[in-house]
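Colleague: Dumping the structure here so I can ask a few things about it.
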There are 2 protein chains.
Amino acid sequence: MDERVRVGILGCGHVGSALVRLIHDHADVIEARAGVPLEVARVAVNDLAKDRDLPLPSRCFTDDPAAVVDDPDVDIVVEVIGGIEPARRLIIDALMGGKPVVTANKELVATHGRELFETAEGAGVDILFEASVGGGIPLIRPLRESLAGDRIRRVMGIVNGTTNYILTGMTDLGSSFADALAEAQRLGFAESDPTADVEGFDAAAKAAIIASIAFGARVVASDVYREGITGITADDIASARDLGYVVKLLAIAEDYDSEIAVRVHPAMVPEHHPLASVRDAFNAVFIEGDAVGELMLYGRGAGGMPTASAVLGDLVDAAKNLVEGRKGATIGAMAPRPIRPIEQVESQFYLQMEVADRPGVLHAITGEFGDREVSVRSMRQRGIGDDARLIFVTHKAREADLRGAADAVSELEPVHRVGSVLRVIGEEE
Amino acid sequence: MDERVRVGILGCGHVGSALVRLIHDHADVIEARAGVPLEVARVAVNDLAKDRDLPLPSRCFTDDPAAVVDDPDVDIVVEVIGGIEPARRLIIDALMGGKPVVTANKELVATHGRELFETAEGAGVDILFEASVGGGIPLIRPLRESLAGDRIRRVMGIVNGTTNYILTGMTDLGSSFADALAEAQRLGFAESDPTADVEGFDAAAKAAIIASIAFGARVVASDVYREGITGITADDIASARDLGYVVKLLAIAEDYDSEIAVRVHPAMVPEHHPLASVRDAFNAVFIEGDAVGELMLYGRGAGGMPTASAVLGDLVDAAKNLVEGRKGATIGAMAPRPIRPIEQVESQFYLQMEVADRPGVLHAITGEFGDREVSVRSMRQRGIGDDARLIFVTHKAREADLRGAADAVSELEPVHRVGSVLRVIGEEE
C-alpha cells in the first residue's frame with residue numbers, strides 16, 4: 001500500500017465538511033496517531049456548483065457517490081449522507097469491494113445493522129459507527145473494548161439533544177412544552193418538523209444500537225417501546241421539582257438474563273443522579289456493569305464538529321488496521337434475545353390525581369393499588385378548593401399492574417381525574 | 001500459540017483477587033470479546049499461607065513474582081502490586097521477555113512511564129495501563145483512540161475519591177476538614193495516613209499520566225504543581241455555596257501550544273458545571289477538544305472491582321493482539337514540552353479578607369489590584385461588628401499578579417487579614 005490512506009467521503013453537509021477541515025487542520029496529530037497520513041481523495045456532494053470553502057481542489061468533488069465507492073484511489077469510505085437508501089447500498093458495495101467503512105448513520109445501523117455487520121465480517125473489513133450514537137461521546141468503543149470483560153446490566157441515556165434542550169427550558173423557565181419547543185426551533189435546536197425528536201423516534205434508534213452493542217443482542221428500532229415528551233406539562237415538571245426530581249427523556253436498555261428490555265420514555269430522575277445534571281442539548285449515557293459499577297459518558301451528542309471528531313477517531317482506527325493488513329474487532333454474534341414487553345417491565349411510578357377532599361378517598365385509592373400489588377412509597381396532598389390533588393410515588397411495580405391500578409382508580413366516584421403518570425428512574429434498584 | 005491466553009498476575013490484593021474472580025465468572029463474555037479464552041496460570045502473592053477463597057487450584061500460587069514473569073506458561077503479565085520496585089523491574093523483565101504487560105500502577109507510570117513505553121516499543125509488545133487513572137473509568141483509551149484526530153486543549157479531573165468524599169461531606173454537613181477526614185477514615189474512604197490523598201500527591205501522579213497521554217508530552221509527577229485540601233475551611237465552602245460554587249480538588253492539564261501547564265489544587269467550580277455534580281468517592285474527567293467540544297467521563301475511580309474491570313478491558317485487548325500476532329497502538333513519541341510555571345498560569349480567583357469597615361478601604365484595595373492588572377468581576381461585603389468581610393471574585397489574572405496583589409493588600413493598614421485565596425475554574429474561558 002501507498003504510504004498514506006486515502007479517504008472517500010459520501011456526503012458533505014455539516015459533518016462531512018467538518019471532517020474535511022479536521023483532516024486538513026489536524027494532519028500532524030492524525031499522522032502521529034494513525035502512523036500514516038490521511039488524505040481526502042474524493043467527496044460526493046449533492047450540488048457540484050455550491051461554493052464550499054474547503055481545503056480541497058475542485059477535482060476531488062463529484063455528484064456521483066458510487067464513483068467514490070468504486071474509485072481505486074479510495075482506501076476507506078466514510079458515509080455521512082444519512083437515511084436508509086442510497087446509504088445502505090453504497091456501504092454494502094464498499095464493504096464487498098474490500099473497503100473499510102466508517103458511518104455516522106444511526107437510522108441505518110439501527111435498522112440494517114445486522115446486514116452491515118455480516119457483510120463486513122464476510123469481506124474481512126472493518127465497519128465502525130461510533131458517531132451513530134451520542135455524537136462526539138465515545139460510547140461504542142468503551143462498551144466494546146474498555147468494558148470487554150464486564151457484564152453490562154443497564155444503560156440509560158439522554159441521547160436526544162433537542163428534547164433535553166426543551167425539557168431544560170421547561171425546567172428553568174416554567175414554560176409549556178409548546179413554548180419551549182418554539183424557542184428551541186427559533187435557536188436551531190429543533191427542526192421545523194420536530195416529530196422524530198419529540199416523539200422519541202431518534203432516541204429509539206439510538207437505544208437499539210446501544211442495546212445491540214451492550215448486550216451483543218440483535219435489536220432493531222422497532223423492538224423499542226417508545227413514548228415522547230409531547231404530553232409533559234409545566235405542572236409535571238414543577239411537581240417533579242417539589243419532590244426532588246428532574247424530568248428527562250431516557251433511552252433505557254436492561255439485561256434480565258432471560259430477556260432484555262429496551263425503551264424510550266420520559267422519566268423522573270432524582271436531582272442528585274448524575275443524569276439529572278445533564279442540561280441543554282448535551283447528551284450522556286449512564287452504564288451499570290457488574291464490575292465497573294456506575295459509569296457515565298457525557299458530551300455533545302450532535303453537531304458537525306463533535307460528530308466529525310467521532311468519525312475521525314474511527315477513521316484513524318480503520319487506517320491503522322488497513323496499514324497493518326488486519327481487521328479490527330468484530331461486532332460478535334448478535335444473537336437474537338427475547339424482548340420483555342413493556343407491560344412486564346418494573347419501574348417506580350409517579351401519579352398525580354384530582355379527587356374530592358373527603359374522608360375515605362385515600363383508603364379507596366390505596367385499596368385499588370394494594371389489590372394489584374402496587375405499593376406506595378410516598379404520598380403528598382395539596383388542597384385546591386373543595387378538592388385535593390394527590391401525588392403518589394410508588395415502589396417498583398409492574399407496568400401492567402400500575403396501569404390496571406390507575407384505570408381502576410380513575411373509575412372511583414370521588415376521583416375526578418388521574419393526571420400524569422410518569423416512571424421514576426434511578427432511585428430504587 | 002495454544003488456543004487460549006494464559007495470564008500471570010503479580011499481586012493478589014483487592015484488584016488481583018477481583019480480577020481472578022472476573023476472569024472466572026465472566027469467562028463466556030470474555031471469550032466472545034477476545035476471541036480466545038483467558039486462563040489465570042500463575043498468581044504471585046505475599047503470603048502463601050493465606051486462605052483466599054478464589055476459584056484457582058493452590059498450585060497456581062507462588063510467593064516469587066519473578067517466577068510468574070519467567071514462567072513459559074504465562075503469555076501476558078498483569079502487575080497489580082503497586083509502588084516502584086519491584087514492580088518496575090518485573091515489568092521491564094516481562095516486556096524484554098516478549099510478554100505484554102497490563103498494569104494499574106499509577107505511581108510507576110507517572111514516574112517511569114517513558115522507560116516502560118520505550119522498553120515495550122523496543123520489544124514489540126503491548127503495555128496497557130487504563131486502570132492507572134480513574135479506576136474503572138475508560139479514559140486512556142478514549143484519549144488515545146476516540147479522540148485520535150482531535151486536538152485536546154484542556155483536561156480537568158476529579159481523580160482522587162478520598163478528597164472528593166471529604167469535600168462532599170464538608171459541603172453537605174458544613175463540617176470542618178478534620179471532622180470530614182475522620183468520618184472518611186472511619187468509613188474506609190481515607191487511609192490512616194491520608195497524606196498522599198489530602199496533599200494531592202495521588203492526584204498529581206494521575207495528572208502527569210493524563211497530560212502525557214492527552215498531549216503526547218513527557219510529563220512526570222514532579223512536573224505537576226500541587227496544593228492539597230488541608231487548608232480548606234467550612235467557611236470557604238459556605239462562602240462558595242453563597243456565590244454559586246462548589247469546592248473540588250482538580251487535576252488540570254492545559255495545552256498552550258508553546259507550553260503545557262499541569263497542576264493540582266482545590267478550585268471553586270460553578271454549581272451548574274458537570275464536575276460540580278460529581279459527589280462522594282466518584283471520579284470524573286472533563287475534556288475539552290477543538291472538535292469534540294466538552295466531554296466528561298464519570299465513574300468509580302477506585303475499588304477492587306472497578307479497577308479490575310479496567311485491567312480486564314486491557315487484558316482482552318492484549319490477548320486479541322497476541323493471538324493475531326500484532327502489537328497494539330504505540331504510545332507515541334512523548335516529546336518533552338516546556339512546562340509553564342504556575343506563576344504564569346491564568347485563573348480567576350476568589351479572595352476573602354477582613355477589613356475595617358470605613359470609607360476608602362475598597363478604593364485602596366482595588367487600587368492594589370488595578371496596579372497589578374487584576375480586575376474585579378464581583379465583590380460582596382458582609383458587616384461583622386465594626387469590621388467587614390469582603391469577598392472578591394476576579395476576572396482571569398496571572399497567578400504571580402494575583403499573589404502580588406494579595407500581598408500588597410495584606411500590608412494595607414485597614415486590612416486585618418487576607419483569608420483564603422482559591423482559584424475559580426470553568427466560568428470565564
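Colleague: For B:MET296, which sequence-distant residues (separation of 5 or more, or a different chain) have an amide H within less than 5 Å of its own amide H, given hydrogens modelled in the peptide plane?
Modeller: Correct list: A:TYR298, A:GLY299, B:ILE287.
Colleague: Also, quick follow-up: HN-Hα J couplings of the stretch B:178-188 from phi, Karplus 6.51/-1.76/1.60, θ = phi - 60°, integer Hz, Gly and Pro as x?
Modeller: Each residue of the stretch B:178-188 in turn: 4, 5, 5, 5, 4, 5, 5, 5, 4, 8, x Hz.
Colleague: Right, another one. Take every residue in peptide A:132-141, count the Cβ atoms of other chains within 10 Å of its Cβ, and give the average of those counts.
Modeller: 4
Colleague: Okay, moving on. I need the per residue convex hull volume for chain B, using only the alpha carbons, in cubic angstrom as a whole number.
Modeller: Considering the Cα atoms of chain B, their hull volume per residue is 142 Å³.
Colleague: If I take R0 = 22 Å and measure r between the Cβ atoms of B:HIS14 and B:ASP71 in this structure, what FRET efficiency does the formula 1/(1 + (r/R0)^6) give, to the nearest 0.05?
Modeller: 0.40
Colleague: Okay, next question. Given chain A, what percent of its DSSP beta bridges are antiparallel, to the nearest 5? Mind dumping the intermediate values first?
Modeller: Details: 53 of 76 bridges.
Counting only bridges with both partners in chain A, antiparallel ones make up about 70 percent.
Colleague: Please compute the contact order of the stretch B:270-429 in relative form: average sequence separation of alpha-carbon pairs under 8 Å and at least six residues apart, divided by the residue count, as a percent. Walk me through the intermediate numbers first.
Modeller: Working: 212 pairs, mean separation 37.4, N = 160.
Here the relative contact order equals 23 percent.
Colleague: Would you grab the residues whose amide H sits under 5 Å from the one on B:ARG337? Only those 5+ places off in sequence or on another chain, please, with H modelled 1.01 Å from N.
Modeller: Amide H to amide H, under 5 Å and 5 or more residues apart or across chains, B:ARG337 pairs with B:ARG218.
Colleague: Would you please calculate the Kirkwood hydrodynamic radius of the protein assembly as shown over all C-alpha pairs and express it in Å, rounded to one decimal?
Modeller: Values: mean 1/r = 0.0346 Å⁻¹.
It works out to 28.9 Å.
Colleague: Moving on to the next point. Apply the Karplus parameterisation 6.51 cos²θ - 1.76 cosθ + 1.60, with θ equal to phi minus 60°, to every residue of the stretch B:217-234 and state each ³J(HN,Hα) to the nearest whole Hz, in sequence, with x for glycine and proline.
Modeller: 10, 8, 10, 10, 3, 6, 7, 8, 5, 9, 9, x, 10, 5, x, 6, 9, 4
Colleague: Ignore the peptide's own chain and count Cβ atoms of other chains within 10 Å of each Cβ in B:274-284; give me the average, rounded.
Modeller: Average neighbour count from other chains, rounded to a whole number: 3.
Colleague: Using the beta-carbon distance between A:ARG358 and A:HIS272 and R0 = 22 Å, what value does 1/(1 + (r/R0)^6) give for FRET efficiency, to the nearest 0.05? It would help to have the intermediate numbers written out before the result.
Modeller: Working: r = 37 Å, r/R0 = 1.68.
FRET efficiency, A:ARG358 to A:HIS272: 0.05.
Colleague: Between B:SER58 and A:GLU31, what is the FRET efficiency for a Förster distance of 60 Å, r being their Cβ-Cβ separation, to the nearest 0.05?
Modeller: 0.70
Colleague: For the protein assembly as shown, which whole-number percentage of the solvent-accessible area (1.4 Å probe, protein heavy atoms only) is attributable to carbon and sulfur atoms?
Modeller: Carbon and sulfur together cover 47 percent of it.
Colleague: Another question, then. Kindly compute the accessible surface that chains A and B hide from a 1.4 Å probe when together, both sides summed, and give it to the nearest 100 Å².
Modeller: Using a 1.4 Å probe, the pair buries roughly 4200 Å².
Colleague: Here's a follow-up. For the stretch A:180-299, list log₁₀ I(q)/I(0) at each q in 0.22 Å⁻¹, using the Debye formula over Cα point scatterers of equal strength and ignoring solvent, two decimals each.
Modeller: Cα-only, vacuum Debye calculation for the stretch A:180-299: -1.43.
Colleague: Please compute the per residue accessible area over the stretch A:251-358 with all protein chains in place, 1.4 Å probe, rounded to a whole number of Å².
Modeller: Each residue of the stretch A:251-358 exposes 29 Å² on average to a 1.4 Å probe.
Colleague: Which whole-number percentage describes the relative contact order of the stretch A:275-334, with Cα contacts under 8 Å and a sequence gap of 6 or more? The partial results should precede the final answer.
Modeller: Details: 38 pairs, mean separation 11.9, N = 60.
Rounded, it is 20 percent for the stretch A:275-334.
Colleague: Also, I was wondering about something else. Mind ranking A:GLU354, A:GLU183, A:GLU191 by accessible surface for me, highest first, 1.4 Å probe? Numbers along the way, then the final one.
Modeller: Numbers: A:GLU354 45, A:GLU183 75, A:GLU191 120 Å².
Sorted descending by solvent-accessible area, the residues read A:GLU191, A:GLU183, A:GLU354.
Colleague: Hey, could you get me the Stokes-Einstein D for the stretch B:127-204, Kirkwood radius over alpha-carbon pairs, 20 °C and 1.002 mPa s, rounded to whole µm² s⁻¹?
Modeller: Values: Rh = 14.4 Å.
Result for D is 149 µm²/s.
Colleague: Here's something else I'd like to know. Which distances, in nm and shortest first, link the B:ALA66 label point to the same label point in every other copy, taking 7 Å along Cα→Cβ?
Modeller: 6.9
Colleague: Further, regarding this structure: Can you list residues whose amide H is under 5 Å from B:SER420's amide H, if they're 5+ apart or on another chain and H is modeled 1.01 Å from N?
Modeller: B:GLN352
Colleague: Quick one: helix A:161-173 against the long Cα principal axis of chain A, what's the angle to the nearest 10°, folded into 0 to 90?
Modeller: Tilt relative to chain A: about 40 degrees.
Colleague: Ok, one more. Report the residue of chain B with the smallest Cβ-to-axis distance, using the rotation axis that brings B onto A, in whole Å.
Modeller: Measuring from each Cβ to the axis, the minimum is at B:SER277, 2.
Colleague: GNM, chain A, Cα, under 10 Å: largest mean-square fluctuation among A:ALA302, A:ALA34, A:ALA148?
Modeller: Maximum among the listed residues: A:ALA148.
Colleague: So what is the relative contact order for chain A, in percent, with contacts set as C-alpha pairs under 8 Å and at least six apart?
Modeller: 16
Colleague: Let me ask something else about it. If you put a point 7 Å past Cα along the Cβ direction, how far is that point for B:ALA182 from the same point in each other copy, in nm, smallest first?
Modeller: Taking the point 7 Å beyond Cα along Cα→Cβ, the inter-copy spacings are 5.9 nm.
Colleague: Please check which bits of the stretch A:352-369 a label hung off A:LEU243 would reach, taking the label as a point 7 Å along Cα-to-C-beta and the cut-off as backbone N under 16 Å.
Modeller: Zone members listed by number: A:352-355, A:366, A:369.
Colleague: Need one number for the stretch A:65-182: average projected area of the convex hull over its C-alpha atoms, nm².
Modeller: 10.1
Colleague: Working out 0.36 nm times the residue gap between B:ARG417 and B:GLU3, then minus their Cα-Cα distance, what length gain in nm do you get to one decimal? Numbers along the way, then the final one.
Modeller: Values: separation 414, 0.36 × 414 = 149.04 nm, distance 7.10 nm.
So the extension gain works out to 141.9 nm.
Colleague: Okay, moving on. What are the nm distances, shortest first, from B:GLU324 to its equivalents in the other copies, labels at 7 Å along Cα→Cβ?
Modeller: Values, ascending and in nm: 0.6.
Colleague: Which value, in Å² rounded to 10, gives the accessible area of A:ASP179 with a 1.4 Å probe and all protein chains present?
Modeller: So the heavy atoms of A:ASP179 present about 100 Å² to solvent.
Colleague: HN-Hα J couplings of the stretch A:49-58 from phi, Karplus 6.51/-1.76/1.60, θ = phi - 60°, integer Hz, Gly and Pro as x?
Modeller: Rounded to whole hertz, the list is 6, 5, 7, 10, 6, 10, x, 9, x, 5.
Colleague: May I ask for the distance between the Cα centers of the stretch B:76-152 and the stretch A:271-308, given as a whole number of Å?
Modeller: 27
Colleague: Accessible area, 1.4 Å probe, largest first: how do B:HIS363, A:HIS265, A:HIS395 sort?
Modeller: The most accessible residue leads, giving B:HIS363, A:HIS395, A:HIS265.
Colleague: Taking only Cα atoms, what is the 0 to 90° angle, nearest 10, from helix A:399-411's long axis to the longest principal axis of chain A?
Modeller: The helix A:399-411 is inclined about 40 degrees to chain A.
Colleague: OK, next. State which entries of A:LYS106/A:LYS248; A:LYS320/B:LYS206; B:LYS99/B:LYS327; A:LYS206/A:LYS248 exceed 19 angstrom in Cα-Cα distance in the structure shown.
Modeller: In this structure, A:LYS106/A:LYS248; A:LYS320/B:LYS206 exceed 19 Å between Cα atoms.
Colleague: What angle, in degrees between 0 and 90 and rounded to the nearest 10, separates the Cα long axis of helix B:361-371 from the longest principal axis of the Cα atoms of chain B?
Modeller: Rounded to the nearest ten degrees, it is 50.
Colleague: I would also like to ask the following. With n ≥ 4 as the cut-off for DSSP H runs, can you work out [θ] at 222 nm for chain B, using -39500 (n - 2.57) per run divided by the number of residues, rounded to the nearest 500?
Modeller: Rounded to the nearest 500, it is -10500 deg cm²/dmol.
The values are calculated or read from the model by the stated rules, or taken from the named source; none is laboratory data. Owing to the predicted nature of the structure, the values given are computational and were not obtained by experimental measurement. Here Cβ is always computed from backbone atoms with ideal geometry, including for glycine, and neighbour counts include all displayed protein chains. Please note that ligands, DNA and RNA were not included when accessible areas were found on the heavy atoms of the full protein model with its side chains. Shrake-Rupley method; radii C 1.70, N 1.55, O 1.52, S 1.80 Å.
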